[in-house]
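The values are calculated or read from the model by the stated rules, or taken from the named source; none is laboratory data. Bear in mind the structure is a predicted one, so any value in this text is a computation, not a measurement. Here the Cβ positions follow ideal geometry from the backbone for every residue, glycine too, while neighbour counts run over all protein chains shown. These area figures cover heavy atoms from the full protein model, side chains too; ligands, DNA and RNA do not enter into them. Shrake-Rupley method; radii C 1.70, N 1.55, O 1.52, S 1.80 Å.
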Amino acid sequence: MRDHLVIFDMQIKPNSNTTHLPAIGEYIIKYQPEVIVCIGDWFDMHSLSSYDRGTKNAEGARYKDDITSGINALHLLLAPIQKHNNHCVKHKKKKYKPEMHFTIGNHEERIMRHVNANPILEGTLSYDNFKLKDFGFNVYDFLTPVIIDGVEYVHYVQNRNSPNPKASSKVSLDQTKVSVTQGHRPCLDISTGWADDKGMMWSITCGASYLDDEKYKGPQGNNHWRGIVHKRNVHNGDFDPTFIRLSSLIKDYSYASI
């Protein structure tokens, strides 16, 4: 049995509030989960947004700034691990090397949609620009699930006959018939089930590990849960979940942001 730490949509853009990232990194070092999963939409890729194209919201947006801000945020998250491992090397101790996975989200997939519309950019713009493999992540294409210790991870569970996401965690569980964890929707939505051949099944939807409010949601839409999930003793899709708010992480690891 292994522990999984799941980080959901960050939607990092230039000037994003990233004060929680070192705190998450310190939490990781404290508990040292064997598996870390980033569910996608780490990079916001605002410069490629078709929704804002031609509006004031798109003014000043630059592809290179989107890439740089996301990569810098990854450095912030993983810096405590690097610091810990440097200490281990110095004192001849075993380094912490978690298994890390990244499922591409629809915001990262904006790159491929843009290349499809502008084929001349093929080979210039790609997921390689994110440097995810350099950070040690196993990378999975948009909407391609990866099953780890019996849990299916994917940015979102799509409808059978369309690329659109399922409406709820319960509906997702009814379709997948296995434990599934997804992001995309800014909420915390949990559904459970039981199968005689699998035991307890969990369906968790949480699409917000970011601090910023989004303008497009309006004054009411930003009122939702934001955090990460720590799954202990994951085996055959069952686990002991802990849901940790970003505000609690920042409070408990305030020294990390100094």
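Computed quantities for the displayed model
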quantity	calculated
Residue within region 204-223 that is part of a strand (DSSP E or B) and either open to solvent by 20 Å² or more (accessible area, probe 1.4 Å) or of a type in the set (Gly, Ala, Ser) (or both) present	no
So Ser248, is it within 24 Å of Arg2 (Cβ to Cβ), among the polar types (S, T, N, Q) and open to solvent by less than 30 Å² (accessible area, probe 1.4 Å)	no
Residue within region 231-251 that is part of a strand (DSSP E or B), touching a helix residue (DSSP H, G or I) at 6+ places or on another chain (Cβ under 7 Å) and among the aliphatic types (A, V, I, L, M) present	no
Unique match (being in a helix (DSSP H, G or I), out of contact with any strand residue (DSSP E or B) (no Cβ under 8 Å at 6 or more places or on another chain), of a type in the set (A, V, I, L, M, F, W, C) and at pLDDT 95 or above) among Ile67, Ile111, Ile71, Ile24	Ile71
Some residue of region 220-228 being of a type in the set (A, V, I, L, M, F, W, C) and under 16 Å from the mean Cα position of the chain (by Cα)	yes
Top-ranked residue of region 105-143 - restricted to ones that are among the hydrophobic types (A, V, I, L, M, F, W, C) and surrounded by fewer than 12 Cβ atoms within 10 Å (Cβ to Cβ), ranked as nearest to Asp9 (Cα to Cα)	Ala117
Some residue of region 99-109 being in contact (Cβ under 8 Å) with a residue 12 or more places away in the chain, of a type in the set (Gly, Ala, Ser) and in contact with a Pro (Cβ under 9 Å, 6 or more places away or on another chain)	no
